[in-house]
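Read the figures in this text as sums done on the coordinates, not as results from a lab. Everything numeric here is computed off the predicted structure, so don't read it as measured data. When we count neighbours, we look across all protein chains shown, and the Cβ atoms used for this are built from the backbone with ideal geometry, even at glycine.
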Amino acid sequence: MAVTEPSSVQDVREGLEGAGYLAGESAALVAYLATRLGKPVLVEGPAGVGKTELAKALSRYLDRTLVRLQCYEGLDEAKALYEWNYRKQLLRIQAGGESGWDDVQDDIFNDEFLLERPLMQAIASAEPVVLLIDEIDKTDQEFEAMLLELLSDFQITIPELGQVAATTMPVVVLTSNNSRELTEALKRRCLYLWLDYPELEREMEIVRMHAPELPEALARRMVEVVRMVRSLDLKKPPSIAESIDWARTLLLMGAEDIDRETFEQSMSIIVKHRTDIDLVAERVGVKLADSVRPQA
Amino acid sequence: MPTPYGHRPETGPPGLAPKLLAFCEELRSEGVAVGTSEILDAFAALEQVPWESRDDFREALAATIAKSQEDRRLFELLFDRWFFRTAEAEAIEREIAEGGRRHEGAERLDIDELREQIRDAIVEGDDGEMRDLARLAIAAFGRQGEGSGVVGVDVQRIRRTLGLSAGQAPADDGAAELPPIDREQLNAFERHLRRELERDLIERTSTLPPARPLAELDRALPTSPTQDLAAVHRAVSQMKRRLATLGHEQRGRRKGRTVDVRRTMRASLETGGVPLRLRHRPKRPRRPEIYVLCDVSTSVTSASVFFLSVLHALHDSFRKLRSFVFIERISEVTEIFEHERDFREIAARISSEGGVADVSGYTDYGRVWLEFLGEISEDLDPRSTVIVLGDARTNGREPHAEVFAQVAERAGRLFWLNPEPKLYWNYGDSVMAAYERYCDGAFECWTTRHLETFVNVVAGGVPAAD
């Protein structure tokens with residue numbers, strides 16, 4: 001299978017679109033730079049603007065396998081890098097019987113007894129991959145420090161084996177919800193991309209891409225309402241994924257316009273906190289009634 | 001070489017590289033950390049993008065140089081200014097002026113028509129179009145001789161004459177209702193106006209005004225109370241994570257673990273009966289118990305909104321938290337915070353039914369300690385942390401530091417956050433010193449940055465810089 005190699009920003013944008021992701025100006029450019037320069041990309045932005053999706057779309061577009069490491073509090077090397085399969089080692093020792101200690105020692109510390117975890121997988125893979133390190137801000141700083149060797153040199157040091165260097169250059173995407181400040185050292189090694197909620201037009205395109213049957217006028221109206229909701233001070237503003245869900249819901253409901261009734265019935269798709277629901281009903285619901293009634 | 005134009009701006013050696021370096025230097029002077037590796041990256045990135053596209057050029061630079069949202073904001077501000085100035089400097093250097101051609105066609109323009117066009121361009125959001133129209137507008141006004149010479153004043157004057165304002169325009173004399181103008185778009189148009197006026201000025205005088213460092217106002221991220229609230233929540237959730245993980249992991253990992261014999265034996269079956277791996281009884285992590293006392297009197301009015309938002313955030317993060325507000329007497333408000341999620345609602349309820357509506361409205365710290373000790377002294381133990389938010393201004397009443405000392409003794413840790421700068425501590429009726437010596441730590445705290453410092457110190461990390 002031929003590996004896709006983009007030759008311009010335009011290529012990347014079209015490629016991503018082909019993979020079902022409408023990239024903004026900066027997203028396409030940074031993705032392009034990442035493939036050309038071989039530098040990891042750090043993507044930050046509010047929840048639900050398509051940070052993870054960007055990595056997935058990249059893997060589809062570049063025709064590479066996606067290796068994903070989901071970060072969480074307390075994630076350690078054994079789960080991220082590699083682990084020795086000590087049970088198998090033990091078996092080897094017992095089965096070896098008479099052979100000398102030196103033989104055994106050489107034997108049990110080789111690839112056969114190594115359990116590869118995502119980061120190791122990405123490095124050791126024969127085919128180039130896309131490595132997604134998701135929600136890096138959930139881990140602690142110690143883990144970040146561990147990543148540095150991988151991110152700058154694409155290699156991992158295993159004390160018993162020495163250095164394992166990447167044979168193929170992975171495209172690395174790190175995402176962060178900005179819940180804590182990442183260290184300078186990590187940022188220094190990455191290209192930085194801030195993803196925000198898209199412009200009205202682009203969000204409309206995204207919605208219509210995922211719900212093509214939705215008439216344009218309704219899609220516009222819907223995105224306008226979603227933006228109105230986002231502009232309120234909510235605990236959790238609606239994400240793009242939720243706009244898409246809402247679009248599909250409206251289709252199912254057979255709605256022709258978003259009036260107050262439709263809105264109140266389907267509001268729970270985009271607003272998910274009790275206090276938020278009250279606030280939205282109070283602010284947005286009222287506006288809808290005003291503007292829709294004359295037509296209805 | 002002397003020039004007929006007076007002060008000639010320094011252009012440095014020709015070529016892009018020195019200009020880019022100078023730009024990075026300027027970024028550094030504004031506090032963006034641009035390392036050599038970033039500059040190298042920037043050059044590598046620029047080799048990959050076409051330079052004709054201003055957007056691509058800028059994005060490529062930004063992706064390699066500006067590594068946070070705040071950096072990005074500064075970058076945008078400086079990028080525009082720097083390349084604008086460099087281009088203008090170059091123009092003066094080479095004596096390029098647009099001269100007469102500049103406002104061609106302005107004479108033929110009717111103001112109403114211009115107004116219409118500008119409005120359309122703003123609604124459309126077309127950058128190039130807006131720029132051209134901005135120039136036409138300036139020309140039209142220049143003709144009327146209305147220029148005041150001050151860029152900022154002219155911008156507003158032109159905007160008013162054109163009848164541009166954000167929001168729905170009043171539909172006049174039965175004309176078709178005009179589409180509302182987005183504030184963002186209007187700002188963009190004003191930026192173009194400003195830029196073109198500056199260009200005019202530079203061309204007339206053939207000098208560049210000296211570059212000024214960005215004002216604090218420009219640098220700060222746009223803030224509103226709600227955004228502050230979000231920042232407070234972030235700092236507190238960081239505190240929670242730090243308190244929950246860092247503390248225990250290092251303190252009690254090896255020490256005091258007990259071997260679980262039953263599980264060890266069971267695990268040993270896998271390895272042929274050799275107990276290769278010891279199994280331990282899981283250690284129950286201790287729940288941090290936190291008591292927060294918050295001063296809500298008039299002397300800390302400005303800070304109390306901030307403090308209440310800190311409280312609000314704490315309640316979001318910690319389940320074993322009891323909070324109290326006090327002025328002259330103390331009153332527990334844990335319930336209000338637990339049952340009400342909306343911050344404004346909480347603030348309203350505390351002020352109405354917090355039970356602290358005292359007679360005098362003056363803080364009485366001494367009495368507060370007595371009551372606090374009396375009410376919950378049994379519950380305090382070495383595992384609990386007490387945090388006091390207040391200015392320690394007793395209004396001349398008895399501070400009862402010895403009672404405070406008892407509280408400090410019973411509680412495991414006691415911290416004081418003071419909304420006043422350290423400079424003002426112990427001046428006037430502030431008795432901070434009397435209390436400070438019993439605290440495990442006293443901090444000044446009136447911005448989220450201070451709060452982060454506090455979080456770092458409490459969590460055992462390093463104190464934040466400055």
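Does the stretch B:387-434 classify as rounded, prolate or oblate by the C-alpha gyration tensor (a ≥ b ≥ c root eigenvalues; a/c under 1.5 gives rounded; else a/b over b/c gives prolate, otherwise oblate)?
Because a/c hits 1.5 or more and a/b fails to exceed b/c, the stretch B:387-434 counts as oblate.
Taking H as built 1.01 Å from N, whose amide H comes closer than 5 Å to the amide H of residue B:444, not counting residues under 5 places away?
Sorted by chain and number, the residues that satisfy this are B:418.
Bin width 10 Å, origin at 0, all Cα-Cα pairs of chain A: what percent of pairs per bin?
All Cα pairs considered, the percentages come to 6, 23, 25, 20, 14, 7, 3, 1, 0, 0.
Take every residue in peptide A:192-202, count the Cβ atoms of other chains within 10 Å of its Cβ, and give the average of those counts.
Counting Cβ atoms of other protein chains within 10 Å of each residue's Cβ and averaging gives 3.
Partner chain Cβ atoms within 10 Å, averaged over the residues of A:23-30 - can you pull that number for me?
Average per residue, whole number: 4.
Residues with beta-carbon under 13 Å from that of residue A:136, excluding residue A:136: net charge, scoring Lys, Arg +1 and Asp, Glu -1?
Taking every other residue near residue A:136 into account, the sum is -3.
Any chance you could give the angle, 0 to 90 degrees and rounded to 10, that helix A:9-18 forms with the longest Cα principal axis of chain A?
With both axes taken from Cα atoms, the answer is about 80 degrees.
Report, in deg cm²/dmol and to the nearest 500, the calculated mean residue ellipticity at 222 nm for chain A, where each DSSP H run with n ≥ 4 adds -39500 (n - 2.57) and the sum is divided by the residue count.
Computed ellipticity for chain A at 222 nm equals -14000 deg cm²/dmol.
Enter the per residue convex hull volume of the stretch A:95-194, computed from alpha-carbon coordinates, in Å³ rounded to the nearest integer.
Value for the stretch A:95-194: 123 Å³ per residue.
GluC sites (Glu not before Pro), restricted to the stretch A:191-278: which are DSSP loop and have at most 10 other Cβ atoms within 10 Å?
Answer in residue order: A:213.
Could you give the nm distance between label points at residue A:216 and residue B:426, where each point is 7 Å from its Cα heading toward the beta carbon?
Placing both labels 7 Å beyond Cα along the Cβ direction yields 7.3 nm.
Excluding residue B:418 itself, calculate the net charge of residues whose Cβ lies under 12 Å from the Cβ of residue B:418, where each Lys or Arg counts +1 and each Asp or Glu counts -1.
With Lys, Arg at +1 and Asp, Glu at -1, the net is -3.
What residues have an amide H closer than 5 Å to that of residue A:42, excluding those fewer than 5 places away on the same chain, when H is modeled at 1.01 Å from N in the peptide plane?
A:174, A:191, A:192, A:193
If you take each beta carbon of peptide B:61-67 and count the beta carbons of other chains within 10 angstrom, what is the mean?
For this peptide, the per-residue mean of nearby foreign Cβ atoms is 6.
Tally Lys and Arg at +1 and Asp and Glu at -1 over the other residues with C-beta under 13 Å from the C-beta of residue A:35: what net charge comes out?
Taking every Cβ under 13 Å from that of residue A:35, the sum is +1.
Give me the Å³ per residue figure for the convex hull around the C-alpha atoms of the stretch A:128-178.
Taking the convex hull of the Cα positions in the stretch A:128-178, it is 84 Å³ per residue.
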